[in-house]
Structures are given as structure tokens and as C-alpha cells.
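Data first, discussion second: the structure below is written as C-alpha cells.
Laboratory data are not the source of any read-out in this text; all were calculated from the coordinates shown. This structure is a prediction, so every number in the text was calculated from the model and none was measured. Here the Cβ positions follow ideal geometry from the backbone for every residue, glycine too, while neighbour counts run over all protein chains shown.
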Amino acid sequence: MNSHRIISSLFLLVLTVLPIRATALVDSLQCGFRLGYNVGGTAPVGMPATIRSMNSYVLTPSFCIGADVSRQFNRRWGLVVGVHLENKGMNIDATVKNYHIEIVRGGQRLEGMFTGNNKTKVEQWMFTLPVMLSYTVAQDLCLRFGPYASYVVSRDFSGYAYDGRLRVGNPTGPMVELGGDSKTRGSYDFSSSLRRMQYGVLMGADWRFGRRWGTFIDLSWGLTGIFHSSFDTIEQTLYPIYGTIGLTYRMK
């Protein structure tokens with residue numbers, strides 16, 4: 001009988017303490033939202049000799065929207081966890097020399113070394129989960145740093161090579177001239193070779209200019225290339241490197 005009373009008392013104690021602890025935990029959390037614009041590109045670390053110049057870079061509608069939950073450990077340090085839906089894209093036109101590529105022209109697939117102009121479109125929609133330590137510099141200024149993981153739900157890496165020549169197979173192979181219109185240029189689409197999971201690091205700063213509103217700036221740097229490791233058509237490893245600027249709204 002005594003054991004039953006002890007178990008019942010412990011059970012009642014747990015039922016009493018858990019809601020109090022849960023309420024205290026919820027009260028210690030801060031929730032907010034952010035809306036930003038991504039600017040950057042997928043690029044190798046260090047410009048390879050095969051890319052001679054950048055002819056154009058066109059901004060794309062690359063937005064980021066997300067929710068964050070943060071908790072302060074003490075006056076300075078805290079933890080921020082978020083769920084973001086974002087688009088990372090770019091449109092570039094570059095001049096290349098002896099650039100390894102695989103194209104399709106007139107229904108024929110050709111692979112070799114291309115010298116001329118290359119236009120590429122990249123667009124990736126993804127859900128991103130950042131987990132960051134925060135450091136409060138001042139009452140309205142907070143710095144953040146930590147890893148992130150992204151799952152790509154929509155992917156596009158396509159383009160065409162034009163106004164140049166392709167040496168089929170190797171730099172001394174048969175030469176194929178590529179023109180500037182849709183019939184004579186060579187197109188490619190490597191979308192299916194893009195990774196679904198991407199990992200990297202993110203650093204940023206939040207600045208509050210009102211009771212609830214603020215602004216932020218981020219820099220995200222991918223640590224995994226955007227293509228599967230088995231993909232070797234493009235010789236350089238391309239990393240997603242993007243800066244983000246936007247607004248934040250804090251719930252409380």
C-alpha cells in the first residue's frame with residue numbers, strides 16, 4: 001500500500017512540475033520571422049584558368065522567407081534555430097577557353113573542350129535548417145554563426161555554349177563550330193545531377209531598429225559542391241556562395 005502511495009505521489013509531482021517547466025521553457029523562447037533577398041552564385045573557389053572573363057551577371061528573383069526560434073543562455077550567448085524556404089539562383093555569361101563541356105546540338109551529343117561564350121542559368125528552391133550560436137554585442141545588435149543543412153526541392157542547371165568552337169574529345173580533336181542562334185549553338189541541362197542535400201556554414205548579424213522590426217545581413221558558404229561527386233562533366237567543384245539582406249519581425 002505504501003508503494004502505491006509513493007508511486008501516486010511521484011506521478012502527481014511529475015504532472016505538477018512538467019507543465020511549470022514547459023511553461024518556463026516556452027516563455028524563455030523568442031520567435032520571429034525574416035524575409036530576405038539572396039545575391040550570389042555557384043562558383044569554384046578561385047577562378048580557374050579556363051574561365052577568362054565574366055561578360056554579364058543578371059540578378060534573379062532569389063528570395064528567402066523563414067521562421068526562427070531563439071533562446072538566451074545568458075546575457076551574451078544564445079542559440080538560434082530556423083526553418084527557411086529560399087531560392088538560390090544566378091544567370092551568367094562568361095568567356096571560356098578549353099572548357100570541358102558536354103552539349104547537344106541538332107540532336108547530337110558532343111563532349112570535348114570548348115572555347116567561346118557560355119551562358120548558364122542556375123535555380124534551386126530549398127528548405128534550409130540553420131542551427132547557430134548567437135552573441136549579443138549590444139541591446140539591438142546580435143551576431144550569429146553556425147552550420148546549415150538544405151534539402152533542394154526544385155533544381156535547374158542549364159544553358160548553352162555559343163559563338164565558339166568545340167574540340168571533340170580532347171584539345172586536338174575534330175573541331176565543331178558553334179554559332180549564336182538556337183540552331184547552331186550547343187545546349188546542356190545538368191539539373192538531374194544536382195545534389196538534393198547540401199551543407200554549409202552561415203554567419204550573419206541582426207540589428208533591431210524598433211520594438212519588433214529589424215534588419216539582417218547573412219553570408220552562407222556551401223561546403224559541399226552542388227553536383228553529385230560522380231558528376232565530372234564540369235571539372236571544377238561549384239559551391240553555393242550567397243549573401244542575404246532583409247527584414248526581421250519579432251513576435252515578442
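Give me the percent relative contact order of segment 78-153, please, defined on Cα pairs under 8 angstrom at least 6 residues apart.
Across segment 78-153, relative contact order equals 36 percent.
Let me have the relative contact order for the chain, percent, based on Cα pairs under 8 Å that are six or more residues apart.
20 percent
Match the structure shown to one of the listed values (1) 17.5, 59; (2) 25.3, 94; (3) 17.2, 49 of Rg and Dmax of the Cα atoms in Å, computed from it, and give that label.
(2)
Per the Kirkwood formula on distinct C-alpha pairs, the Rh of segment 75-121 is how many angstrom?
It works out to 14.8 Å.
Relative to the first principal axis of the alpha-carbon coordinates of the chain, what is the inclination of helix 2-28, with its axis defined by its Cα atoms, in degrees from 0 to 90 and to the nearest 10?
That helix lies at roughly 50 degrees to the long axis.
May I ask you to list the lysines whose Cα is less than 28 Å away from that of K183, ignoring any residue fewer than eight positions away on the same chain?
K97, K119, K121
When only C-alpha pairs under 8 Å and at least 6 residues apart count, what is the relative contact order of segment 174-252, in percent?
Contact order relative to length: 27 percent.
So which chymotrypsin sites (Phe, Trp or Tyr not before Pro) in segment 64-149 end up in coil per DSSP with only 11 or fewer other C-beta atoms within 10 Å? The partial results should precede the final answer.
On the way: sites: F73, W77, Y99, F114, W125, F127, Y135, F145, Y148; in loops: F73.
Here the sparse-neighbourhood loop sites are F73.
Give or take rounding to whole Å, what are the principal axis extents of the alpha carbon atoms in segment 97-246, in descending order?
Ordered largest first, segment 97-246 gives principal extents of 66, 29, 25 Å.
Can you pull the semi-axes for segment 118-168, root of five times each eigenvalue of the Cα gyration tensor, sorted largest first, whole Å?
Whole-Å semi-axes of the equivalent ellipsoid: 41, 15, 9.
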